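The values are calculated or read from the model by the stated rules, or taken from the named source; none is laboratory data. This is a predicted model, so every value here is computed, not measured. Heads up, the Cβs are rebuilt from the backbone with ideal geometry, glycines too, and the neighbour counts pull from every protein chain shown. Side chains are part of the model used for accessible areas, which takes the heavy atoms of the whole protein and leaves out ligands, DNA and RNA. Shrake-Rupley method; radii C 1.70, N 1.55, O 1.52, S 1.80 Å.
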Amino acid sequence: MHRRRLISRPVTVHTEAGEIATVPPFARRRTLAFARPWLVGCAMVAAGWMSLPTAKAQTTAHNALRWQTSLSDFASADRAHPPGRDGVLFVGSSTIRMWRSMSEDFRQVPVVINRGFGGSTLADCDHYVRELVIQYQPRQVMVYAGDNDLAEGRTPQQVLESFQHFVSAVRSELPSAQITYISIKPSPARVALKERINETNALIGGYVKTLSNAKYIDIHTPMLTASGETRPELFQADLLHLNETGYALWKSLITPYLVTNAATAADASAAPPPAQVAAAR
């Protein structure tokens, strides 16, 4: 009886790209049989985390294990081919990591750095902001993250707070760098998060309006049909990650926001007049 009740419950796993997905009912029995040793190990680790004094300490312990390989790979790549400074840096989750043609798509920028790591959250980007962003001293920071936070159970307000901490950290070290937030996309696989995604985009978009030298790119609306449904032709078969058509759309939407030279960055860093703050995007 206990075994049947366990298998009837939804099972959440990580995809190869690091994102969270729900296993369909017909696959749950096989998934649980395969994952049971892993689940036991996670339970043991979780028991140890419970002894840590704060939620921040729990997050730190989790990140230290989860992202060690990604951070080591970035460090190795930097040693082999040191990236230049004063470029445009993209940071965020697997939508950024899987953008293979990024350097070619934005070749008008002398230096394009991709620091996407699959399954990452805005909380992760904030925690590792020095390793992922500050050390490269970019002129512009493009951020795409937030939907994984929501998938892991965080609230829109918590996602906003992570972004606020991220902005504060970047501004303290790179005061002239432009920070550009790319809105959360409407993935068909995450239709259950639709309301929270809309709320998060609204919160962060509103916050960006209060900042100088910051932009908000709405990629969400162009990815919807006239009736407000997600356009499936923009996604891979998993209905979560972008295909070539999706990335082509993103390229067209992001290109006008690129800070292509230092002079542009200096001009943009000036605080806008009060009358223009409300209209900033």
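Within the range 242-259, count every residue that is open to solvent by 10 Å² or more (accessible area, probe 1.4 Å) and in a strand (DSSP E or B).
Summing the residues that are open to solvent by 10 Å² or more (accessible area, probe 1.4 Å) and in a strand (DSSP E or B) in the range 242-259 gives 0.
Out of the range 188-213, which residues are closer than 17 Å to residue 144 by Cβ and in contact with a helix residue (DSSP H, G or I) (Cβ under 7 Å, 6 or more places away or on another chain)?
Correct list: 190, 193, 196, 197, 200, 203, 204, 207.
Would you check if there is a residue in the range 169-184 being under 15 Å from the mean Cα position of the chain (by Cα) and assigned to a helix (DSSP H, G or I)?
Taking every residue of the range 169-184 in turn, none turns out to be under 15 Å from the mean Cα position of the chain (by Cα) and assigned to a helix (DSSP H, G or I).
Which of (1) within 17 Å of the chain's Cα centre (by Cα); (2) among the hydrophobic types (A, V, I, L, M, F, W, C); (3) open to solvent by 10 Å² or more (accessible area, probe 1.4 Å) is the odd one out, the single condition residue 80 does not satisfy?
The failed condition is (1).
In the range 215-241, how many residues are among the aliphatic types (A, V, I, L, M), open to solvent by less than 40 Å² (accessible area, probe 1.4 Å) and not in a strand (DSSP E or B)?
Total meeting the criteria: 4.
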